[in-house]
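Nothing in this text is a laboratory measurement; each read-out follows from the coordinates by a stated rule. Because the structure is a prediction, the values reported are computed rather than measured. FYI the Cβ positions are ideal-geometry reconstructions off the backbone, even for glycines, and counts take in every protein chain you see.
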Amino acid sequence: MNGVHDMGGMHGFGALPLEENEPVFHGEWEERALALTLAMAAWGKWNIDASRHAREKLPPADYLRYSYYERWIEALANMMVEHGLVSAEELRQGQPAAGSSKAQPPLDATKALAALRRGGPADRAVDQAPRFAIGQSVRAINHHPAGHTRLPRYARGKRGEIVMHHGAHVFADSNAHFLGEAPQHLYAVRFSARELWGPQGRPQDCVTLDLWEPHLEAA
Amino acid sequence: MHDESKHEHGSHGHGDHDHGHDHDHEHQHPPSPAALRVKAIETLLVEKGLVDPQALDAIIETYAEKVGPRNGARVVARAWSDPAYLERLRQDATAAIAELDFQGRQGEHMVVVENDARTHNLVVCTLCSCYPWPVLGLPPVWYKSDAYRSRAVIDPRGVLSEFGVELPEDKAVQVWDSTAEVRYLVLPERPAGTEGMSEEELADLVTRDSMIGTGLPLSPEEARS
């Protein structure tokens with residue numbers, strides 16, 4: 001989707017908010033927001049791509065106003081309602097609906113630590129051979145889907161070069177919409193700064209993105 | 001220069017950090033709307049039996065105390081010290097990093113990109129804030145900021161200058177936008193005057209920012225001061 005989350009190359013966001021001796025969390029609520037989001041994923045009602053899409057789908061003005069962990073917690077609230085884990089009314093009231101039964105959490109402390117250590121590898125075995133080879137010239141497609149895509153606007157229609165083949169990975173653009181993992185070959189594709197930004201790009205500089213085969217055409 | 005990695009929690013779960021001050025400070029103010037919102041959601045989820053508070057505590061302890069940029073510094077120091085390790089890192093960074101027991105969520109597919117005399121690497125995630133958690137911990141605020149996400153790809157040298165890093169004109173800047181589940185770790189150049197230093201001493205030169213590409217490693221003199 002052409003959302004405000006797709007920020008690469010935008011202007012006007014000002015100076016970097018650098019902080020000396022920055023703590024890992026700014027307040028206890030940030031810790032809890034992180035942990036709640038990771039723990040609720042264990043219900044298996046969504047996946048990491050759907051989580052990212054839930055954050056992108058926040059109203060643009062809210063997205064820009066929220067801090068990072070506010071984006072997380074509001075997206076989590078929306079996903080929990082959407083997937084029936086809590087009702088909108090329960091969220092408003094802050095307590096379970098009268099007469100609702102109590103569930104058994106899928107993660108205790110031991111299982112939570114094991115899940116963090118295991119992670120969620122995205123590589124998959126596929127039968128198809130990769131369509132592109134390292135060194136090959138490609139063009140990122142010019143597409144503007146209303147749904148999730150990991151091909152940012154600033155690279156669309158631009159010509160680049162394949163510099164790595166990462167194997168086949170879960171295709172985020174499909175998985176975010178629960179349309180299946182649809183694994184596709186994933187490549188690191190290098191674009192020159194000149195190609196992306198015109199004359200203001202320095203000739204020796206470049207930007208490399210990870211793009212899936214459906215994002216690319218031979219050029 | 002902006003850097004905090006030496007003050008972060010180490011990989012051994014202890015250290016001279018000042019994490020607690022943040023909490024003390026927080027308690028002097030009424031809770032923010034975000035804090036109230038998160039508290040309300042946590043209470044609801046615990047009452048509904050959807051989360052176990054002990055699982056939340058275990059997750060928080062992991063990222064507050066166990067996982068942080070000292071992990072990545074150990075990887076870099078070993079790569080500087082051991083040519084065979086560097087070669088394994090080039091061939092399969094995920095496996096080489098797992099040799100040091102760093103692995104898991106947001107580090108499932110690691111690639112190491114090497115700075116050299118001609119190229120400086122810089123990592124960003126323009127679409128969200130993807131970051132290699134097992135080696136660097138959770139990302140700092142600036143990495144997640146709209147300013148960094150928007151500017152790193154179009155104006156990397158302007159970004160670097162805000163970190164006090166000025167590169168020679170003829171050095172190429174190679175930006176890596178983490179658009180998939182591959183996570184990039186920058187291998188900075190080994191500083192001059194570090195011959196004969198142990199792996200442990202070398203690790204003290206490796207800052208968090210130097211592994212993202214927004215900083216350079218400390219010189220032995222800077223590390224002593």
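Miscellaneous remarks
- Shielding by partners for peptide B:99-105, expressed as the average number of C-beta atoms from other protein chains within 10 Å of each residue's C-beta, is 3.
- Shape of region A:106-184, Cα gyration tensor, a/c cut at 1.5: prolate
- Straight Cα distances below 18 angstrom link residue B:144 to the lysines A:57, with same-chain residues fewer than 8 positions distant left out.
- Considering helices alone, the calculated mean residue ellipticity of chain A at 222 nm is -8500 deg cm²/dmol, with DSSP H runs of length four and up weighted by -39500 (n - 2.57) and normalised per residue.
- The modelled label-to-label distance between residue A:1 and residue A:81, using points 7 Å beyond Cα along the C-beta direction, is 1.4 nm.
- Of every Cα-Cα pair in chain A, the percent that sits beyond 28 Å: 43
- Scanning residues 5 or more positions from residue B:114 or on other chains, those with amide H under 5 Å from its amide H are B:187, with H placed 1.01 Å from N in the peptide plane.
- Computed from phi, the 3J(HN,Hα) profile of region A:205-211 under the Karplus parametrisation 6.51, -1.76, 1.60 (θ = phi - 60°) reads 8, 8, 10, 10, 10, 8, 10 Hz, with x in place of Gly and Pro.
- Under 20 Å from the residue A:128 label point (7 Å along Cα→beta-carbon), backbone N, region A:153-179: A:157, A:160-179
- Per-residue Cβ neighbour rank within 10 angstrom, fewest leading, A:194, B:70: A:194, B:70
- Free of any chymotrypsin sites (Phe, Trp or Tyr not before Pro) that DSSP assigns to a loop and that have at most 16 other C-beta atoms within 10 Å, the longest stretch within chain A is A:14-177.
- If you bin all the Cα-Cα distances of chain B at 5 Å, starting from zero, the percentages per bin are 1, 6, 13, 17, 18, 17, 12, 7, 5, 3, 1, 0, 0.
- Computed from the Kirkwood radius of its Cα pairs, the Stokes-Einstein diffusion coefficient for region A:28-118 at 37 °C and 0.692 mPa s stands at 230 µm²/s.
- With eigenvalues of the C-alpha gyration tensor scaled by 5 and rooted, the protein assembly as shown, Å: 34, 28, 21
- Ranked list, fewest to most other Cβ atoms within 10 Å of each Cβ, for A:151, B:36: B:36, A:151
- Choice from A:32, A:55, A:150 with maximal GNM fluctuation in chain A (Cα, 10 Å cutoff): A:32
- For region B:206-221, 3J(HN,Hα) computed residue by residue from phi via the Karplus equation (6.51, -1.76, 1.60; θ = phi - 60°) reads 8, 8, 3, 4, 5, 8, 9, x, 8, x, 10, x, 6, 7, x, 5 Hz, glycine and proline entered as x.
- Backbone phi angles across region B:117-133, fed through the Karplus curve with coefficients 6.51, -1.76 and 1.60 (θ = phi - 60°), yield HN-Hα couplings of 4, 9, 10, 10, 9, 9, 10, 8, 10, 6, 8, 8, 7, 4, 7, x, 4 Hz in residue order; Gly and Pro are listed as x.
- Part-to-part distance (alpha-carbon centres) for region A:34-57 and region A:123-148, which is given in Å: 25
- Three-way shape call for region B:67-173 based on the alpha-carbon gyration tensor, with the a/c threshold at 1.5: oblate
- For residue B:176, the residues 5 or more places off, or on other chains, whose built amide H falls under 5 Å of its own are A:208, B:122, B:123, B:124.
- Convex hull of region A:83-130 built on C-alpha atoms - directionally averaged projected area, nm²: 6.7
- Residues of type lysines that residue A:102 reaches as a straight line, Cα spacing below 28 Å, ignoring anything fewer than 8 places off in the same chain: A:45, A:111, B:39, B:48
- Among B:172, B:34, B:55, residue whose mean-square fluctuation peaks in a GNM of chain B (springs only between Cα atoms under 10 Å): B:34
- In this structure, the amide hydrogen of residue B:109, modeled 1.01 Å from its nitrogen in the peptide plane, lies closer than 5 angstrom to those of B:183, counting only residues at least 5 positions away or on a different chain.
- Per-residue Cβ neighbour counts within 10 Å put A:58, A:107 in the sequence A:58, A:107, beginning with the fewest.
- Cβ-placed point charges (K, R +1; D, E -1), dipole of chain B about Cα centre in debye, nearest 20: 640
- For region A:1-61, the list of GluC sites (Glu not before Pro) that fall in a loop by DSSP and count at most 11 other C-beta atoms within 10 angstrom reads A:20.
- Average other protein chain Cβ within 10 Å of Cβ, residues A:106-114: 5
- Chain B, helix-only ellipticity at 222 nm - DSSP H runs n ≥ 4, -39,500 (n - 2.57), divided by all residues, nearest 500: -11500 deg cm²/dmol
- Region A:172-219: GluC sites (Glu not before Pro) in DSSP coil with no more than 16 other Cβ atoms inside 10 Å: A:181
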